[in-house]
1. If I ask for residues that are over 10 Å from Glu141 (Cα atoms) and outside any helix (DSSP H, G or I), which ones from segment 101-117 would you list?
2. With the structure loaded, tell me whether Leu65 is closer than 16 Å to Val133 by Cα and among the aliphatic types (A, V, I, L, M) or whether it fails that test.
3. Just one of (1) modelled with pLDDT under 95; (2) on the phi > 0 side of the Ramachandran plot trips up Gly58, so point out which.
4. Tell me the residue from Glu101, Glu106, Glu62 that is closer than 25 Å to His23 by Cβ and charged (D, E, K, R), please.
5. Can you tell me which residues in segment 118-158 are assigned to a loop (DSSP other than H, G, I, E, B), touching a residue at least 40 places away in the same chain (Cβ under 8 Å) and touching a strand residue (DSSP E or B) at 6+ places or on another chain (Cβ under 7 Å)?
6. Condition test on Ala57, is it touching a Phe, Trp or Tyr at 6+ places or on another chain (Cβ under 8 Å) and free of Cβ contacts under 8 Å to residues at least 40 places away in the same chain?
7. Kindly establish whether Val72 is over 19 Å from His47 (Cβ atoms) and among the hydrophobic types (A, V, I, L, M, F, W, C).
8. Any residue that is over 20 Å from Phe119 (Cβ atoms), of a type in the set (Phe, Trp, Tyr) and out of contact with any Cys (no Cβ under 9 Å at 6 or more places or on another chain) - is there at least one of those in segment 53-76?
Amino acid sequence: MRALPGVTGRDEFDALVVRTDYHDDQAWQDVVAALTEPWGDSQYEPHVHLMDDPAWAGATVEEVLTAVCGDVNLAVVFLADRTTKQTESHALLAVTTLTREECVDEEDYEQLTEFGRDFRTIPAGVHDVHANVSIGSPGFEEYAAWAHDDREGIYRSL
């Protein structure tokens with residue numbers, strides 16, 4: 001596994017979005033534009049920390065998780081991968097930073113990852129996923145379940 005650059009300058013309230021695919025700059029610009037739009041019914045200001053460094057190109061989920069594991073304020077990280085760029089919805093991959101070691105036991109971990117350690121969300125969903133998972137209400141597992149229930153497997157925002 002390769003070492004990736006550290007994430008610096010991220011405020012704990014910023015959603016972390018890591019660009020891992022560099023094949024379509026226009027699609028990336030579209031994703032960034034969508035991520036920086038006000039969100040929610042109250043039109044909240046978006047807070048996003050973008051990792052747009054070619055050193056992250058082709059990074060796997062495990063490599064990204066290893067690179068961000070020191071951030072105790074990070075409950076979920078979002079990857080802008082090839083699938084993000086190729087789909088019309090530009091759905092990012094949301095990945096929990098939860099590890100087995102953080103859980104009471106194996107049963108607890110299995111319950112919290114019942115629908116997997118990741119799911120897809122549209123850019124508008126990044127903000128409410130990040131904000132709510134950070135405080136644990138609703139938790140990652142609930143967002144993953146909502147994505148699981150979608151016919152395309154995508155969480156589409158509150």
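The values are calculated or read from the model by the stated rules, or taken from the named source; none is laboratory data. Worth saying up front: this structure is predicted, and the values here are computed from it rather than measured. Note that we place each Cβ from the backbone using ideal geometry, even for glycine, and neighbour counts take in every protein chain shown.
1. Passing the criteria: Cys103, Val104, Asp105.
2. So Leu65 does not fit the description; no.
3. (1)
4. Glu62
5. Ile122
6. Working: touching a Phe, Trp or Tyr at 6+ places or on another chain (Cβ under 8 Å): yes; free of Cβ contacts under 8 Å to residues at least 40 places away in the same chain: yes.
When the stated conditions are applied, Ala57 passes them.
7. Values: over 19 Å from His47 (Cβ atoms): no; among the hydrophobic types (A, V, I, L, M, F, W, C): yes.
So Val72 fails the test.
8. Looking through segment 53-76, at least one residue is over 20 Å from Phe119 (Cβ atoms), of a type in the set (Phe, Trp, Tyr) and out of contact with any Cys (no Cβ under 9 Å at 6 or more places or on another chain).
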